[in-house]
Amino acid sequence: MKGNRRTQASRSAETRDALVAAGRALFAGRSFGEVAAEEIVAAAGVSRGALYHHFADKTELFAAVFEQVEAEVIARIGEVIAVSGVSDPIALMRAGAGAWLDACAEPAVHRIALIDAPSVLGQMRWREIGSRYGLGLVEDLLAQAIGVGRITPQPIPPLAHVLLGALREGALYLAVAEDPKRARREVGETIDRMIEALAA
């Protein structure tokens, strides 16, 4: 019995993973509205019933894809920070912000996280998911900076929300820029100046 349950759970997880992977590949290439549920299940090699067993609808599958993208981007930012060899929290914040902007310039992240997610999920849910993954990292870096005297002591949550909002808006600016390379440089310089201005 236990073996059968484990096998069922394993198969269920594999089916869900296949749907998310298929959805991600399709959503990365075309807008949400242009991707049909039938395409997703065909690409995943599962039935339409399997889609609705795991997700209420295509929007909920998209939400799972967006969460996966957000988790991966934050993990990459954490890795950039970890291997930077830098100990100054202000420099770490700048490195993390740069890694975020670079990730948002990638076509798949750009389309899923910046173009489609706000409209498909709505602004509130888009912000809530993004904050769930990024807010903790921003708060940790601010706490480090305050702890070593690089930033004047102040309430961390509002400051973290304001910085995260600036990073989101910078990324959205990149998403629609006519000259992405120039926009990336200018947004990066703007964010760097904002972070440097926090220094005590």
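Observations on the structure shown:
- When 29, 49, 33, 23 are screened for being outside the structural domain of residue 104 (by TED's automatic domain parsing) and either among the aromatic types (Phe, Trp, Tyr) or within 24 Å of residue 131 (Cβ to Cβ) (or both), only 23 passes.
- Tally, over region 163-189, of residues that are surrounded by fewer than 15 Cβ atoms within 10 Å (Cβ to Cβ) and over 17 Å from the mean Cα position of the chain (by Cα): 8
- Among residues that are crowded, with 16+ Cβ neighbours inside 10 Å, closer than 18 Å to residue 108 by Cα and either at pLDDT 95 or above or in contact with a helix residue (DSSP H, G or I) (Cβ under 9 Å, 6 or more places away or on another chain) (or both), residue 43 is included.
- Only one of 75, 91 that is among the small types (Gly, Ala, Ser), outside the structural domain of residue 37 (by TED's automatic domain parsing) and within 20 Å of residue 194 (Cβ to Cβ): 91
- Top-ranked residue in region 90-137 [being assigned to a loop (DSSP other than H, G, I, E, B) and small (Gly, Ala, Ser); ranked as surrounded by the fewest Cβ atoms within 10 Å (Cβ to Cβ)]: 122
- Inter-residue pairs, beta-carbon under 6 Å, first in contact (Cβ under 8 Å) with a residue 12 or more places away in the chain and assigned to a helix (DSSP H, G or I) and in region 162-191, second hydroxyl-bearing (Ser, Thr, Tyr) and surrounded by 20 or more Cβ atoms within 10 Å (Cβ to Cβ), 6+ apart: none
The values are calculated or read from the model by the stated rules, or taken from the named source; none is laboratory data. Bear in mind that the values here come from a model prediction, so they are computed numbers and not experimental data. Neighbour counts are summed over all protein chains in view; Cβ atoms, including those assigned to glycine, are modelled from backbone coordinates with ideal geometry.
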